[in-house]
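Here the structure is laid out as structure tokens; the discussion comes afterwards.
The values are calculated or read from the model by the stated rules, or taken from the named source; none is laboratory data. The structure displayed is predicted, hence computed values, not measured ones. Please note: Cβ atoms are built from the backbone with ideal geometry, for glycine as well, and neighbour counts cover all protein chains shown. With ligands, DNA and RNA removed, areas are computed over all heavy atoms of the protein, side chains included. Shrake-Rupley method; radii C 1.70, N 1.55, O 1.52, S 1.80 Å.
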Amino acid sequence: MNLLALVFVNLGRNKIRTALTLMSVMVALFLFCALRGVLDTLQESIKAGAETRLVVRNAVSLVQPLPQSYKPRLEAIPGVARVAKSNWFGGQDPNDAKGFFAQFAGDDDYIPIYNDDVEIVEASAAPGPVALPRGADPRLAAYYAEQTACIVGRELMTRKGWKLGQTITISGTIYPGDWPMTIRAVYRAKQKNFGEQTLLFHYTYLEQKGMGGSGLVGIYILQLADPQRAGDIAKTVDAMFLNSSFATLTESSQAFQAGFVSMYGNVPFLIGLLGIAVVFAILLVAANTMVMAMRERVSEFGVLKTLGFEDGTIFTMVLVEAAIITLGGGIVGALAAKYMLAGVNLGFLPPLTIYWSTIATGIVIALVIGAVSGLVPAWQASRLVIVDALRRVD
Amino acid sequence: MVMVDVRNVRKVYRRDTQEVPVLDGLSIAIDEGDFVGLMGPSGSGKTTLLNLIGGIDRPTSGELTVAGQALGPLGGRALAKWRSRTIGYIFQLYNLIPVLTAEQNVELPLMLVRMSGKERRDRARHALGIVGLADRVKHFPRQLSGGQEQRVAIARAIVSDPRVLLADEPTGDLDRKSGDEILELLARLNREHQKTIVMVTHDSHAAERAHRVVHLDKGVLSA
Ligand SMILES: Nc1ncnc2c1ncn2[C@@H]1O[C@H](COP(=O)(O)OP(=O)(O)OP(=O)(O)O)[C@@H](O)[C@H]1O
Ligand SMILES: [Mg+2]
């Protein structure tokens, strides 16, 4: 027997209480790590675009369109290498209405802009010779040859169980009706944070079937020749259209994506707040449990002190006891989050990433919960006056 | 040699604004190897006196010197250390830790000194042997009779070989037969192991075991 063994024996006194406290800390840390993971994934996805691209959108809001006639004017701006039109589609798989995934319509310039980020891993053979847009992967010939063709991310393919060459139907929500599309290519993300969960199809298809020649487009994506000039070019664009009826807001694709993600309120802030609230609630629960557990042992502390245990030793023993419970729960909860949730699909975000640093933070938090929740009972136990403590049994 | 020297000790408890004097200028000297029975009506301050001698409580005024150590100047930590080396305490209700085996309970005082786990265990078993419980080392308190529990408590009190044993009504909760066994054990520890013993008791039969009996009443002692 030594002091640590004594602490463990004490932990085993009320196994149900110990287990419940441990589990509550476990759940809290599981949630904390999961929420941090969502935040980190968000941050990472925002980083993916770097400054090589700018997004031009309507200055009023993300859902307001821009005229298609802006394209040649944007192309004429010095430093702009390429301009693509793009539009959010917002359709659903009718067989799986809850299984969210993003769809974008893009014109012929759209996919080559992402040459550095994606790679075509599977493609149908072209029916015959096809004129390809500048810089396009020759394997996309079949896609460019067919108006109702689409390109799908590898993970989305797996998730949906789709096959190359298959014709799928998307039902539109913003643009109503059934939208049959044939999968002509599959892409892979070169960096994990780019995501492989998106479906891309021809802008002309959307325009002819869904927009009835309105001459409008959702956003423009600018590929820049020189990333250093991003700031200047953004100012030039917005100045150019300032007094038109469709003023623009040009931002880095990072900023655009951040705005996109938080379209429904300040999501990251809320997520962060939730994580803190969960941890704080569990802190109070753990502290309360420790105080009650120690109260039952007052006379025993009196005995130990009579035997010569110093106040500091008692203090440490109680503190360590609390720390073991919370640390145990914390480690299990954090690791469970890592192994159960990593890679989970988050819709138009890349798969959930939980960093080891998040796990480490979680475990430190668990230790802090232990220390703080043990502090009050440890202090109470160490300050007990022996004769008073002993009197409680008599 | 005087083992316990209590000089002019006063102990006053304060209840709200009212002061309740319990010990009123009490003095007693107990020689090394003595076995003193302490009697007196309930509430007369027997436990209080025992606690003062054992250094788990402090007098309002007066001086105590136990085993050559003046207790007044000792701070909390020094007093705890002194207690673990010098005093063996035996309670009326045994006060064993219910989740520890007999052996582990006896090891408790040894956890405060640096020694190997094996040595700790050997010493605990030796102490349990002295009290006649060599075959109960792995039993938990609830698996023992009251008399056996009290013997484990005595083993715990003697395991670090203190010079003074303080027993507060050690037979108060036992039947006659078990009580007699405990008294015989204390007498033997006094006789064979030279422990100086102060034993509080209500029972004149128990007090007969002591070399001398002192009576405490209204804060002062009489022989
Ligand atoms: N911590 C305390 N605060 C206030 N009064 C106390 C305290 N401890 C003891 N007393 C009082 O001091 C008096 C003596 O108590 P003590 O326990 O020493 O008596 P005792 O002789 O051991 O009695 P018993 O035979 O019933 O055990 C009692 O009146 C008791 O109420
Ligand atoms: Mg008493």
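Restricting the stretch B:95-142 to trypsin sites (Lys or Arg not before Pro) that sit in a DSSP loop and have at most 10 other Cβ atoms within 10 Å of their own Cβ leaves B:ARG114, B:LYS138. The distance from the alpha carbon centre of the stretch A:113-143 to that of the stretch B:155-214 is 98 Å, rounded to a whole number.
Calculate how steeply helix A:230-240 sits against the longest principal axis of the alpha-carbon atoms of chain A, using the helix alpha-carbon long axis, and give the answer as 0 to 90 degrees to the nearest 10. So the inclination is approximately 50 degrees. The H on the amide N of A:GLY90, modeled in the peptide plane, is under 5 Å from the matching H of A:GLN103, each at least 5 residues off or on a different chain. Taking amide H atoms as placed 1.01 Å from N in the peptide plane, the amide H of A:LEU216 lies under 5 Å from those of A:GLN68, each 5 or more residues away in sequence or on another chain. Compared with the rule-of-thumb size 2.2 N^0.38 Å for a compact globular protein, the stretch B:43-93 has a Cα radius of gyration ratio of 1.13.
Using the Karplus relation 6.51 cos²θ - 1.76 cosθ + 1.60 with θ = phi - 60°, the per-residue 3J(HN,Hα) values for the stretch A:171-184 come to 9, x, 10, 7, 10, x, x, 8, 10, x, 9, 10, 6, 10 Hz, with x marking Gly and Pro. In chain A, the longest principal axis of the Cα atoms and the axis of helix A:15-47 are about 30 degrees apart.
Along its principal axes, the stretch B:76-189 has C-alpha extents of 39, 28, 25 angstrom, given from the largest down. Suppose only helical runs count, i.e. DSSP H with n ≥ 4. What mean residue ellipticity at 222 nm does that imply for chain B under -39500 (n - 2.57) per run, divided by all residues and rounded to the nearest 500 deg cm²/dmol? Calculated at 222 nm, the ellipticity per residue is -9500 deg cm²/dmol.
Annotation: for a label point projected 7 angstrom from Cα along Cα→Cβ of A:LYS98, residues of the stretch A:160-177 with backbone N closer than 19 Å are A:160-161, A:171.
For A:ASP109, the residues whose modelled amide H falls within less than 5 Å of its own, excluding neighbours fewer than 5 places apart on the same chain, are A:LYS85. Ordering B:GLY88, B:ALA157, B:VAL113 by Cα displacement along the dipole of the stretch B:2-215 toward the positive end leaves B:VAL113 in first place; charges were set at the Cβ atoms of Lys, Arg (+1) and Asp, Glu (-1).
Under the criterion of Cα pairs below 8 Å and six or more residues apart, the relative contact order for the stretch B:1-158 equals 20 percent. Neighbouring Cβ atoms from other chains, within 10 Å of the Cβ of residues in A:298-307, number 6 on average. Taking the accessible area of the stretch A:65-245, probe 1.4 Å, and keeping the other protein chains in place, the carbon and sulfur fraction comes to 51%.
A simple spin-label model places the labels of B:VAL113 and B:ARG10 3.9 nm from each other, with each point 7 Å out along Cα-to-Cβ. Using C-alpha pairs under 8 Å with a sequence gap of at least 6, the mean separation divided by the residue count of chain A gives a relative contact order of 28 percent.
Positive end of the dipole of the protein assembly as shown, charges at C-beta (+1 Lys, Arg; -1 Asp, Glu), about the Cα centre: which of A:PRO129, A:GLN147, A:ALA19 has its Cα farthest in that direction? Sorting the options by dipole projection puts first A:ALA19. Around the Cα centre of the stretch A:65-245, unit charges on the Cβ atoms of Lys, Arg, Asp and Glu (plus for the first two, minus for the last two) sum to a dipole of about 140 debye.
Per Stokes-Einstein, at 10 °C and 1.306 mPa s, what whole-number D in µm² s⁻¹ belongs to the stretch A:71-114, with the Kirkwood radius over Cα pairs as the hydrodynamic radius?
After rounding, the answer is 126 µm²/s.
Estimated from helices alone, the mean residue ellipticity of chain A at 222 nm is -15500 deg cm²/dmol (sum of -39500 (n - 2.57) over DSSP H runs with n ≥ 4, per residue).
Using a 10 Å cut-off on Cβ to Cβ distances, tally the other chain neighbours for every residue of B:93-99 and report the average as a whole number.
Numbers: counts 4, 2, 9, 2, 8, 2, 8.
Shielding by partners across B:93-99 averages 5.
Shown is the FRET efficiency for A:SER244 and A:GLN208, computed with R0 = 41 Å from the Cβ-Cβ distance and rounded to the nearest 0.05: 0.95. Net charge dipole, chain A: roughly 640 debye, given to the nearest 20, about the Cα centre with Cβ charges of +1 for Lys and Arg and -1 for Asp and Glu. Counting protein heavy atoms only, chain B has 46 percent of its accessible area on carbon and sulfur, 1.4 angstrom probe. Each residue of the stretch A:148-213 gets 96 Å³ once the volume of the Cα convex hull is shared out per residue.
Between 0 and 90 degrees, the angle of helix A:356-383 with respect to the longest Cα principal axis of chain A falls at about 20 degrees. Pairs with C-alpha atoms separated by more than 27 Å, drawn from the list B:LYS177/B:LYS218; A:LYS160/A:LYS209; A:LYS71/A:LYS98; A:LYS71/A:LYS160, are B:LYS177/B:LYS218; A:LYS71/A:LYS98; A:LYS71/A:LYS160. In the stretch A:275-315, the inverse of the mean reciprocal separation of distinct Cα atoms equals 11.9 Å; this is its Kirkwood hydrodynamic radius.
How much length, in nm to one decimal, is gained on full extension between A:LEU284 and A:ARG134, taken as 0.36 nm per residue of separation minus their Cα-Cα distance? Walk me through the intermediate numbers first.
Working: separation 150, 0.36 × 150 = 54.00 nm, distance 6.22 nm.
The span from A:LEU284 to A:ARG134 would gain 47.8 nm if fully extended.
Expressed as a fraction of 2.2 N^0.38 Å, the rule-of-thumb size for a compact globular protein of N residues, what is the C-alpha radius of gyration of the stretch A:65-245?
Compactness ratio reported: 1.06.
Per residue, the accessible area of the protein assembly as shown comes to 45 Å² when a 1.4 Å probe rolls over the protein heavy atoms.
Computed over the protein assembly as shown, the range of Cα coordinates on each principal axis works out to 121, 51, 37 Å, biggest value leading. Please work out, to two decimal places, the log10 of the ratio I(q)/I(0) at q = 0.08, 0.17 Å⁻¹ from a Debye calculation in which every Cα of the stretch B:2-215 carries one identical scatterer. Taking Cα atoms of the stretch B:2-215 as identical point scatterers yields -0.28, -1.21.
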